[in-house]
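Chemist: Mind having a look at this structure? Questions to follow.
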Amino acid sequence: MKHPMPVNIVVAHALEAKALVKMLELERHHASTDFVEYSNSNKLRLLVSGIGKEAIAAGVTYLSEQQASDNGEIRAWLNIGIAGHRDASLGSAWLGNKITDHSSGTSAYPPQLIEGVEVGSVVTVDEPENSYPLNAAYEMEASAFYAEATKYSTAELVQVFKVISDNLENPVSEIDIRRVPGSIAAQSPQLLILIERMSAIAREYNSNQRLPGYFFEICSQIHLTVNQKLQLRRLCQRYKALGLEKELGRVAGRKASDARELIQQLTERIDRISEA
Amino acid sequence: MFSTIYIEEEVLESERVRKLLDRFPQIPQVVCDRYGEVFNRKSQNFRLQKIAPALILAKKYGNKVLAAPSGYGYNDSKSYYFSHMLNCVYDCRYCFLQGMYSSANYVLFINYEDFEKAIVEKIEENNGGGVYYSGYDCDSLALEPVSNFCSHFLPVFRRYPNAELEIRTKSTQVRCLLDTEVVPNCVIAMSFTTSEAAVQWEHKVPSIGKRLEALHKLQLAGWKVAIRFEPLILGAEGLAPYEALFAQIFSKLDGDRLHSVSSGLFRMPVDFHKRIVKLYPDEELFARPTQTTDGMIALKSTEENTHLMAIEELLLNYISSEKYYRCA
Ligand code: SF4
């Protein structure tokens, strides 16, 4: 895993984190007093939020606030956790392609871009479910996680992955929680595909959206109003799209004092070059 | 073929849907209430969804046959369009659909009988006439093996010989047409850009040669065929690419037997353009200077009219001027 992996993984319980810490070679990261966090040098983050919708929404908000200064780059968000199902075998797992919030009755549909991973429905309940009426993985966080994380990233990069830990034959009251890390570790082939692919999509997205470094250089040299900053941003994108980033370098190196004049010059120059 | 098939609960048991689902048992199927829960949600990204589009099977409510935008058509008859599908399997970088929807999933409205009823009503309102465009919000033929659009809608127009159906496409899926008796009031209109533009911007679209081959077969079989040069995007190469394109097309097709030929410049609503720029800030086409008139954005070119006239002059070496019109 040499590439940057701009992925936030959020789990509800420390036991769900245990296998992931080992699988993804993460280290404890002491940034918060409210949450247990792990990370690695590739930008992968893992946060233990606590159980339930409120706790996971707070965890997502906390992580997004921490990352707010990332130059507008987005990150993928993945909720991994255990769930119950009426008859799916223990240890089976899937990516949620429909997440229904039991209390509100609303459903969300995470767009499915990733091949090679099992898929199925997920229902989020407020209390542990014993009868599992629908053909779905029953758990307690996914709907809130999805609703919150899609405020900070694009829906395609927000996914939930559930591992079955209980069913009608093995009710939730009898779960041996010590088996949780093993169940999650057993899913490492699917999880690694998922995390690799999500981070590749996020990386590509960020690279397409990346602004030339000169944009930041110019911004640090000249005072720009909010509107001028937006104009400069678009101009820098245009220069980049036309393979003319170096031209910006010349401007950045100069001591231009007037932002309006600079924007006008840059506009005239690129319009002249690119007009058919 | 599709990453997922979403099905509105209301249409789940319809025969058309059941048959379609039976053909793709390996694709995950997800039931939803209304297609709007899945399609065009605000946090979605068209560009990312193009990586693995899904199919959504839905029922269309409300108006099914709408007045065509002014300047869309080739004669003065009243013209309309209908969209049994939203979005397209191809990925042309200049396509306005990227700015219209935040989702690249394909929505297939399967209540064809309701579309048929609305079309017939409109035809009768127009004393049996009118021009009806299919392929405004999609490419009508590209998904034909799944949609069976032709087998349903061609017989409708066969019953009304004075109403004209134009199927706008870049697809080579013409088997359905070749296997059917010619419908004389149906026109297959194929869009072309220069080969340079096609390579640069028409992703996943069949090559110019293959499209011409399909049109040639249709023309030989007696189908009415039309050519749409859209969008014309003028580049530094000048007229040479157009000379080559016209030579290629008219060496294969009989210009005298073409139904019509039209051209249209690159333009779209400003809001769509803004959204597309956000999706593709790295795209050269959108880095070019633009000009806005009445809410429509176009590429800025001081020489636009001169270029357009020069292209038309080249074109009129191959076809009579009566067959040609410029899209507004
Ligand atoms: S073929 Fe037409 S509808 Fe399809 S992507 Fe290209 S321009 Fe858009």
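Chemist: Counting only protein heavy atoms, probe 1.4 Å: which residues of segment A:154-168 lose 10 Å² or more of accessible surface in the full assembly compared with their chain by itself?
Modeler: A:T154, A:A155, A:E156
Chemist: Return one number: the angle in degrees, 0 to 90 and rounded to the nearest 10, between the long axis of the Cα atoms of helix A:14-23 and the longest principal axis of the Cα atoms of chain A.
Modeler: Computed tilt is about 60 degrees.
Chemist: Something else now. Once you have the alpha carbon radius of gyration of chain A, what is it after dividing by 2.2 N^0.38 Å, with N set to its residue count? Numbers along the way, then the final one.
Modeler: Values: Rg = 22.8 Å, N = 276, 2.2 N^0.38 = 18.6 Å.
Normalised Rg, Cα atoms only: 1.22.
Chemist: Taking θ as phi - 60°, what are the ³J(HN,Hα) couplings along segment B:178-194 by the Karplus curve (6.51, -1.76, 1.60), each to the nearest whole Hz, with x for Gly and Pro?
Modeler: Each residue of segment B:178-194 in turn: 5, 8, 10, 5, 3, 9, x, 9, 10, 10, 9, 9, 9, 8, 9, 10, 5 Hz.
Chemist: What are the residues whose amide H is under 5 Å from the amide H of B:V205, where those residues sit 5 or more places off or on another chain and H is modelled from the backbone?
Modeler: Placed amide hydrogens put B:D91 under 5 Å from B:V205.
Chemist: Please list 3J(HN,Hα) in residue order for segment A:77-88, calculated via the Karplus relation 6.51 cos²θ - 1.76 cosθ + 1.60 where θ = phi - 60°; whole Hz, with x for glycine and proline.
Modeler: 10, 9, 9, 10, x, 8, 7, x, 8, 4, 9, 5
Chemist: Collect residues whose amide H, placed 1.01 Å from N in the peptide plane, falls under 5 Å from the amide H of B:M268; neighbours closer than 5 in sequence don't count.
Modeler: B:I297
Chemist: A:I177 label point, 7 Å along Cα→Cβ, cut-off 15 Å on backbone N: hits in segment A:30-63?
Modeler: A:48-52
Chemist: Can you list the HN-Hα couplings for segment B:81-95, worked out from phi with the Karplus curve (6.51, -1.76, 1.60; θ = phi - 60°), rounded to whole Hz and with x for Gly and Pro?
Modeler: Whole-Hz 3J(HN,Hα) from phi for segment B:81-95: 9, 9, 10, 7, 9, 10, 6, 9, 6, 8, 9, 6, 5, 8, 5.
Chemist: If I stretch the segment between A:E127 and A:V36 completely, what's the gain in nm (0.36 nm per residue apart, minus their alpha carbon distance), one decimal? The partial results should precede the final answer.
Modeler: On the way: separation 91, 0.36 × 91 = 32.76 nm, distance 2.36 nm.
Gain in length upon complete extension: 30.4 nm.
Chemist: Among DSSP beta bridges lying fully in the protein assembly as shown, give the percent that are antiparallel, nearest 5. Can you show the working numbers first?
Modeler: Values: 25 of 88 bridges.
DSSP beta bridges in the protein assembly as shown are roughly 30 percent antiparallel.
Chemist: Hey, another quick one. Please report the base-10 log of the normalised intensity I(q)/I(0) for chain B, using a Debye sum with one equal scatterer per alpha carbon and no solvent, at each q in 0.07, 0.11, 0.14 (1/Å).
Modeler: Results for chain B at q = 0.07, 0.11, 0.14 Å⁻¹ read -0.28, -0.73, -1.22.
Chemist: Find the percent of Cα-Cα distances in the protein assembly as shown that exceed 30 Å, and round it to a whole number. Spell out each step's value before the answer.
Modeler: Values: 109954 of 182106 pairs.
Pairs farther apart than 30 Å: 60 percent.
Chemist: In addition: Using just the alpha carbons, could you tell me how many Å³ per residue the convex hull of segment A:143-236 encloses?
Modeler: Values: hull volume 15.6 nm³, N = 94.
Residue-normalised Cα hull volume stands at 166 Å³.
Chemist: Counting only protein heavy atoms, probe 1.4 Å: which residues of segment A:231-246 lose 20 Å² or more of accessible surface in the full assembly compared with their chain by itself?
Modeler: Residues of segment A:231-246 that lose at least 20 Å² of accessible area once the other chains are added: A:R234, A:Q237, A:R238, A:A241, A:L242.
Chemist: Over segment A:2-125, what is the percentage of antiparallel beta bridges among all DSSP beta bridges, to the nearest 5? Walk me through the numbers before you get to the answer.
Modeler: Details: 8 of 22 bridges.
Of those bridges, close to 35 percent are antiparallel.
Chemist: What shape does segment B:174-328 take by its C-alpha gyration tensor, where a ≥ b ≥ c are the square roots of the eigenvalues and a/c under 1.5 counts as rounded, a/b above b/c as prolate, and the rest as oblate?
Modeler: Numbers: a/c = 1.94, a/b = 1.61, b/c = 1.21.
Prolate is the answer for segment B:174-328, as a/c is 1.5 or above and a/b outweighs b/c.
Chemist: Once you average over the residues of A:100-110, how many Cβ atoms of partner chains fall within 10 Å of each Cβ? Walk me through the intermediate numbers first.
Modeler: Values: counts 0, 0, 0, 0, 0, 1, 2, 6, 4, 12, 0.
Rounded to a whole number, the mean comes out at 2.
Chemist: Kindly identify segment B:86-133 as rounded, prolate or oblate by the Cα gyration tensor criterion: order the square roots of the eigenvalues as a ≥ b ≥ c, call it rounded if a/c is under 1.5, otherwise compare a/b with b/c, prolate if a/b is larger, else oblate. Don't jump to the answer; show the numbers that get you there.
Modeler: Working: a/c = 3.79, a/b = 2.08, b/c = 1.83.
Prolate, since a/c reaches 1.5 and a/b exceeds b/c.
Chemist: About its Cα centre, how strong a charge dipole does chain B have in debye, to the nearest 20, once Lys and Arg get +1 and Asp and Glu get -1 at the Cβ?
Modeler: Values: 37 positive and 41 negative charges, 98 e Å.
Dipole magnitude for chain B comes out near 480 debye.
Chemist: Keeping all protein chains in place, calculate the accessible area per residue for the protein assembly as shown (probe 1.4 angstrom), answer in Å².
Modeler: Values: 26480 Å² over 604 residues.
Normalised by residue count, the accessible surface of the protein assembly as shown is 44 Å².
Chemist: In whole Å and largest first, what semi-axes does the C-alpha gyration tensor of segment B:188-237 yield when each eigenvalue is scaled by 5 and square-rooted? Intermediate results must be reported in sequence, preceding the final value.
Modeler: Details: eigenvalues 105, 27, 12 Å².
So the three semi-axes of segment B:188-237 are 23, 12, 8 Å.
Chemist: Dipole of the protein assembly as shown, Cα-centred, from +1 at each Lys and Arg C-beta and -1 at each Asp and Glu C-beta, to the nearest 20 debye? Please list the in-between numbers first.
Modeler: Working: 66 positive and 75 negative charges, 269 e Å.
The calculated dipole for the protein assembly as shown is roughly 1300 debye.
Chemist: Stokes-Einstein at 25 °C, 0.890 mPa s, Kirkwood radius from Cα pairs: D for segment B:39-123 in µm² s⁻¹? Could you put the intermediate results ahead of the total?
Modeler: Values: Rh = 14.5 Å.
The estimated diffusion coefficient comes to 169 µm²/s.
Chemist: Using a 10 Å cut-off on Cβ atoms, rank the peptides A:166-177, A:150-161 from the highest mean neighbour count down.
Modeler: Values: A:166-177: 13.3, A:150-161: 23.5.
Most protected by this proxy first, the peptides run A:150-161, A:166-177.
Chemist: Over the Cα atoms, compute the radius of gyration (one decimal) and Dmax (the largest Cα-Cα distance, rounded to a whole number) for segment B:213-282, in Å.
Modeler: My reading of the Cα-based Rg and Dmax gives 16.2, 45 Å.
Chemist: In addition: Shielding of B:44-53 by partners, i.e. mean partner chain Cβ atoms within 10 Å per residue?
Modeler: Working: counts 6, 9, 0, 5, 10, 6, 1, 8, 6, 3.
The per-residue average across the peptide is 5.
Chemist: Test of understanding: express the Cα radius of gyration of segment B:102-210 as a ratio to 2.2 N^0.38 Å, with N the residue count. All intermediate terms of the calculation are to be shown ahead of the outcome.
Modeler: On the way: Rg = 15.1 Å, N = 109, 2.2 N^0.38 = 13.1 Å.
So segment B:102-210 has a normalised radius of gyration of 1.16.
Chemist: Let me ask something else about it. When DSSP beta bridges are limited to those with both residues in segment A:7-208, what percentage is antiparallel, rounded to the nearest 5? Walk me through the numbers on the way to the answer.
Modeler: Working: 12 of 37 bridges.
Within segment A:7-208, antiparallel bridges account for around 30 percent of the total.
Chemist: Also: Counting only the heavy atoms of the protein chains, how much of B:M1 is accessible to a 1.4 Å probe, in Å² to the nearest 10?
Modeler: 150
Chemist: Where does chain A land at 222 nm, in deg cm²/dmol rounded to the nearest 500, when only DSSP H runs of n ≥ 4 count, each adding -39500 (n - 2.57), divided by all residues? It would help to have the intermediate numbers written out before the result.
Modeler: Details: 9 runs with 111 residues, N = 276.
Using -39500 (n - 2.57) per qualifying helix, the result is -12500 deg cm²/dmol.
Chemist: So, R0 is 25 Å and r is the distance between the beta-carbons of A:E268 and B:L239; what FRET efficiency does that work out to, to 0.05?
Modeler: The pair A:E268/B:L239 has a calculated efficiency of 0.40.
Chemist: Here's another thing I want to ask about it. Per-residue Cβ counts within 10 Å, from other chains only, averaged over B:1-9: what number is that? Could the numbers behind the result be given before it?
Modeler: On the way: counts 0, 1, 7, 7, 0, 4, 0, 0, 0.
Mean partner shielding for this stretch: 2.
Chemist: A further question on this structure: Return the calculated 222 nm mean residue ellipticity for chain B, to the nearest 500 deg cm²/dmol, obtained by summing -39500 (n - 2.57) across DSSP H runs with n ≥ 4 and dividing by the residue count.
Modeler: For chain B, the value works out to -9000 deg cm²/dmol.
Chemist: I need the per residue convex hull volume for segment A:213-275, using only the alpha carbons, in cubic angstrom as a whole number. It would help to have the intermediate numbers written out before the result.
Modeler: Values: hull volume 4.6 nm³, N = 63.
Cα convex hull per residue, to the nearest whole number: 72 Å³.
Chemist: Take peptides B:134-144, B:316-326 and line them up by average Cβ neighbours within 10 Å, highest first, as a rough protection proxy.
Modeler: Values: B:134-144: 23.6, B:316-326: 14.4.
Packing order, densest peptide first, comes out as B:134-144, B:316-326.
Chemist: What residues have an amide H closer than 5 Å to that of A:V10, excluding those fewer than 5 places away on the same chain, when H is modeled at 1.01 Å from N in the peptide plane?
Modeler: Here the answer is A:L47, A:L78, A:N79, A:I80, since their amide H atoms fall under 5 Å of that of A:V10.
The values are calculated or read from the model by the stated rules, or taken from the named source; none is laboratory data. What you are looking at is a predicted structure, and each value in this text was computed from that prediction instead of being measured. Glycine also receives a Cβ, built like all others from the backbone with ideal geometry; neighbour counts cover every protein chain displayed. Note: accessible area is taken over every heavy atom of the protein model, side chains too, but ligands, DNA and RNA are not part of it. Shrake-Rupley method; radii C 1.70, N 1.55, O 1.52, S 1.80 Å.
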